[in-house]
Structure formats: C-alpha cells, structure tokens
1. Taking region 103-130 on its own, how many of its residues are within 25 Å of Leu147 (Cβ to Cβ) and either assigned to a strand (DSSP E or B) or open to solvent by less than 80 Å² (accessible area, probe 1.4 Å) (or both)?
2. Mind listing whichever residues of region 137-152 are at pLDDT below 95 and open to solvent by 40 Å² or more (accessible area, probe 1.4 Å)?
3. Could you please find all residues in region 1-25 being in contact with a helix residue (DSSP H, G or I) (Cβ under 6 Å, 6 or more places away or on another chain) and open to solvent by less than 60 Å² (accessible area, probe 1.4 Å)?
4. Scan region 72-84 and tell me whether some residue there is modelled with pLDDT under 95 and not polar (S, T, N, Q).
5. Might you check whether a residue that is closer than 25 Å to Pro36 by Cα, among the polar types (S, T, N, Q) and in contact with a strand residue (DSSP E or B) (Cβ under 8 Å, 6 or more places away or on another chain) occurs anywhere in region 94-109?
6. Could you run through region 51-67 and say how many residues are open to solvent by less than 70 Å² (accessible area, probe 1.4 Å), closer than 12 Å to Thr86 by Cβ and of a type outside the set (A, V, I, L, M, F, W, C)?
7. For a quick check of your reading: which strands (runs of 3 or more DSSP E) sit entirely within region 26-87 and have at least 3 residues that are closer than 23 Å to Ala144 by Cβ and touching a residue at least 12 places away in the same chain (Cβ under 8 Å)?
Amino acid sequence: MSDRYELSITRLIDAPVDAVWRAWTENTGAWFCPAPWTAEFVTQDLVAGGRSEIVMRGPNGEENRLEGVYLEVVPGARIVSTDAFTVDWVPAGPFMVRIDAFAEEDGKTRYTATARHWTAEAKDNHAAMGFEGGWNAATDQLEAIALRLAGR
C-alpha cells in the first residue's frame, strides 16, 4: 500500500490493549475531539457495515456533522471506517478512510491512527487543518481514559 496520501500518528500507551480498546469504543465521545471541542456519537454501530453518526461541537457554537460506516471491526485489534458511504452504502463525498490499530507490546498498547485520503489535495488540506496536533491531542485524551480504566 502506498502511503502517499496517508497521515498517521503512533503512540505507545502504558495500558493493556483491553483498556485502550474500551477507552476507544466505550468512551469515544470523551476523547474523539481535542478539547474544548466535544463529540457526540449519535450512532456507533461497531460492526462491519455499521453506521457512524457524529456531531462535533466547537466552543463558539460551531457544529460539524459526520456520517459514515465501519468497514472492519476486529475486537481488540482494528477499527476501519470511512465517510465515503452513509447508511445502506449510499455513496457520499469521501474525505478519508480511518484506521485505528491496537497491538500488544510488552503489556502496553501500540496505538496507530491513520487517515488515508483519496487525493493529495485532501491529504494536504487535512494536514493544514491541524491533523498532527489535533489527532495527538485526541490521543492524549484517549490515553488518559485508558490509564484510568487500567487503574494507572
């Protein structure tokens, strides 16, 4: 797979995979957007073909609605989603495929979040929107929840 349209972050989280997976799947709204933004997961059907509907809200009343589907869900290992389709596989204007991977590493979790874009322009726009800072800030929040769930 070529990574020419890919943005990615990787983090070693000092919590077992189960805790990071639970933080991701059970507390998604609490970490998904960097504060002070919030995310409401209206629908989160974590199965292949399941629907995702998110409302992200900013501190100044901004609202961004996202809809998509989960392409692959492997419990404890991987979640793949896209906005290229809405419910019932209705094509939408695609922005990216998101891949979240969880791997055990010496009792910790190697977490990798990847955004694969259709075009260089989409990748560059996502980078300019603050991909690295935003996704790292969101992962800081994910990590804090995982550490709490792990009792650390």
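1. Narrowing region 103-130 to residues within 25 Å of Leu147 (Cβ to Cβ): 103-115, 130.
Narrowing further to those that are either assigned to a strand (DSSP E or B) or open to solvent by less than 80 Å² (accessible area, probe 1.4 Å) (or both): 103-105, 107-115, 130.
The total comes to 13.
2. So the first thing to find is which residues in region 137-152 are at pLDDT below 95, and the list is 150-152.
Once the filter is applied, which keeps residues that are at pLDDT below 95 and open to solvent by 40 Å² or more (accessible area, probe 1.4 Å), region 137-152 yields Gly151, Arg152.
3. Filtering region 1-25 for residues in contact with a helix residue (DSSP H, G or I) (Cβ under 6 Å, 6 or more places away or on another chain) gives 5, 7, 9, 11, 13, 15, 19-20, 22-23.
Scanning region 1-25 gives Leu7, Ile9, Arg11, Ile13, Ala15, Ala19, Val20, Ala23.
4. yes
5. No: zero hits.
6. 4
7. Numbers: elements: 38-44, 51-57, 63-74, 78-82.
Strands (runs of 3 or more DSSP E) meeting the threshold: 38-44, 51-57, 78-82.
The values are calculated or read from the model by the stated rules, or taken from the named source; none is laboratory data. Everything numeric in this text was worked out from a predicted model, so none of it was measured. Because the Cβ atoms are built from the backbone with ideal geometry, glycine has one as well, and the counts that use them run over all protein chains shown. Quick note on the areas: whole protein, heavy atoms, side chains included, nothing else; ligands and nucleic acids left out. Shrake-Rupley method; radii C 1.70, N 1.55, O 1.52, S 1.80 Å.
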